[in-house]
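The values are calculated or read from the model by the stated rules, or taken from the named source; none is laboratory data. Just so you know, these numbers come straight off a predicted model, no measurement behind them. All Cβ positions, glycine included, derive from the backbone under ideal geometry; neighbour counts span all protein chains shown.
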Amino acid sequence: MTDVLTVGETMVLMNPTETGPLRYADRFSKRIGGAESNVAIGLARLGHDATWVSRVGEDPHGRYVRDTVRGEGVTTEVAFDPDAPTGLMFKERREVGESRVFYYRDGSAASRLDPEDVPASVVGESEFLHLTGITPALSASCRDLCFEAAALAREQGTRVSFDPNLRFKLWDEDAMRETLLPLAERADVVFPGVEEGKVLLGTTDPAEIAAGFRDREASEVVVTLGGEGAYVATADVAERVPAVPVERVVDTVGAGDGFVAGYLSGRLDGLEPLDAAKRAAACGALATTVAGDIEGLPTRADLERFAADTERVAR
């Protein structure tokens with residue numbers, strides 16, 4: 001039995017040791033990055049059982065990715081592919097403006113994931129199945145995996161969590177809408193951002209975005225608003241939750257995954273959606289204080305210290 005099952009690609013992340021244009025960077029720290037494993041690691045740090053399913057290359061990078069995720073306390077169900085490489089990405093960190101990421105993932109091992117990689121028994125033993133819009137963009141077999149896993153979850157009473165997490169370098173907007181809106185219809189909890197609302201639903205209004213996904217049968221919609229917090233909509237509530245300020249934002253990449261982990265953690269602990277969103281806001285805020293996708297994801301002790309300092313977090 002696992003609290004949350006995640007499925008998706010994790011790559012080797014080359015993170016510059018200094019800020020500035022990537023073309024001038026010559027020193028990097030090697031880390032990992034992947035939306036689904038980020039969420040799994042965030043949940044593990046908060047004391048939950050999380051399982052991550054993926055494929056990596058049968059290469060040193062693949063071993064590094066698997067071992068790093070496993071070392072964070074996540075159960076890993078990883079296949080090593082001898083015929084495809086592990087994906088790679090480089091981050092560019094700027095003093096002004098958001099970080100950018102450059103991907104080298106075409107034909108990667110994870111793009112060869114298929115429905116057989118996620119057995120029905122594993123889905124049925126999970127409280128949540130967490131999917132993102134990245135995985136179905138990787139290949140037709142990955143798309144089939146997402147839809148079949150979501151269907152299995154619905155059949156077995158496992159709640160489906162879905163973060164659209166648009167990647168414009170992987171596909172065009174028409175393909176996004178044709179795939180992600182039907183996938184969202186199979187989700188219980190959806191985490192769209194304003195950009196996702198604009199592309200998928202044609203609106204940037206948080207209430208309209210929430211209504212659009214609620215109309216597609218999501219019981220909980222949490223619209224992430226970056227520095228402005230989040231908008232939570234269920235059958236019983238429609239309310240904005242403020243962002244949690246931090247003294248200095250170092251790196252915003254991975255903050256959304258921290259937010260999702262915090263929200264799912266709250267719901268697993270029995271918190272109501274608004275209180276779960278407050279925990280999520282704290283997790284997302286703390287994730288921005290450290291360079292790297294997973295380095296700033298908090299533990300419960302971190303949240304308690306942060307709550308004592310700010311008196312803003314639902315414990």
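Based on what the data block shows, is ALA50 under 20 Å from the mean Cα position of the chain (by Cα) and within 19 Å of ASP257 (Cα to Cα)? Yes: the conditions hold for ALA50. Take the conditions (1) touching a helix residue (DSSP H, G or I) at 6+ places or on another chain (Cβ under 9 Å); (2) in contact (Cβ under 8 Å) with a residue 40 or more places away in the chain; (3) more than 24 Å from ARG63 (Cβ to Cβ); GLU98 misses just one of them, which is (1).
The residue list ARG93, ARG63, ARG112, ARG100 contains one member that is crowded, with 20+ Cβ neighbours inside 10 Å and among the basic types (Lys, Arg), which is ARG93.
Pairs are defined by a Cβ separation below 6 Å, a sequence spacing of at least 6 or placement on different chains, a first member in region 1-16 that is closer than 20 Å to ALA84 by Cβ, and a second member that is modelled with pLDDT of 95 or more and among the charged types (D, E, K, R); the pairs so defined are GLY8/GLU36. Could you please let me know if GLU247 is of a type outside the set (S, T, N, Q), surrounded by fewer than 16 Cβ atoms within 10 Å (Cβ to Cβ) and farther than 26 Å from ASP144 by Cβ? Judged against the criteria, GLU247 is a match. Listed by position, the helices (runs of 4 or more DSSP H) inside region 189-275 whose residues that are under 24 Å from TRP52 (Cα atoms) and aliphatic (A, V, I, L, M) number at least 2 are 255-268. The sole residue among GLU125, GLU173, GLU148 that is surrounded by fewer than 15 Cβ atoms within 10 Å (Cβ to Cβ), of a type in the set (D, E, K, R) and more than 21 Å from ARG267 (Cβ to Cβ) is GLU173.
For ARG167, the test of being within 23 Å of GLY254 (Cβ to Cβ), in a loop (DSSP other than H, G, I, E, B) and among the charged types (D, E, K, R) is passed. Does region 255-273 include one or more residues that are on the phi > 0 side of the Ramachandran plot and either hydroxyl-bearing (Ser, Thr, Tyr) or at pLDDT below 95 (or both)? Looking for residues that are on the phi > 0 side of the Ramachandran plot and either hydroxyl-bearing (Ser, Thr, Tyr) or at pLDDT below 95 (or both), one finds none in region 255-273, hence no. Scanning region 215-265 for residues that are of a type in the set (Gly, Ala, Ser), closer than 20 Å to THR288 by Cβ and more than 16 Å from the chain's Cα centre (by Cα) turns up GLY227, GLY229, ALA243. Can you tell me which residue within region 103-150, out of those that are polar (S, T, N, Q) and under 20 Å from PRO85 (Cα atoms), is nearest to the chain's Cα centre (by Cα)? The selected residue is THR135.
Please work out which residue is farthest from GLY292 (Cα to Cα), limiting yourself to region 16-56 and to residues that are surrounded by fewer than 22 Cβ atoms within 10 Å (Cβ to Cβ), in contact with a strand residue (DSSP E or B) (Cβ under 6 Å, 6 or more places away or on another chain) and of a type in the set (Gly, Ala, Ser). Per the criteria, the residue is ALA25. For beta carbons closer than 6 Å, sequence separation of 6+ or different chains, a first residue in region 200-217 that is without any contact (Cβ under 8 Å) to a residue 12 or more places away in the chain and a second that is of a type in the set (D, E, K, R) and assigned to a helix (DSSP H, G or I), the qualifying pairs are THR204/LYS198.
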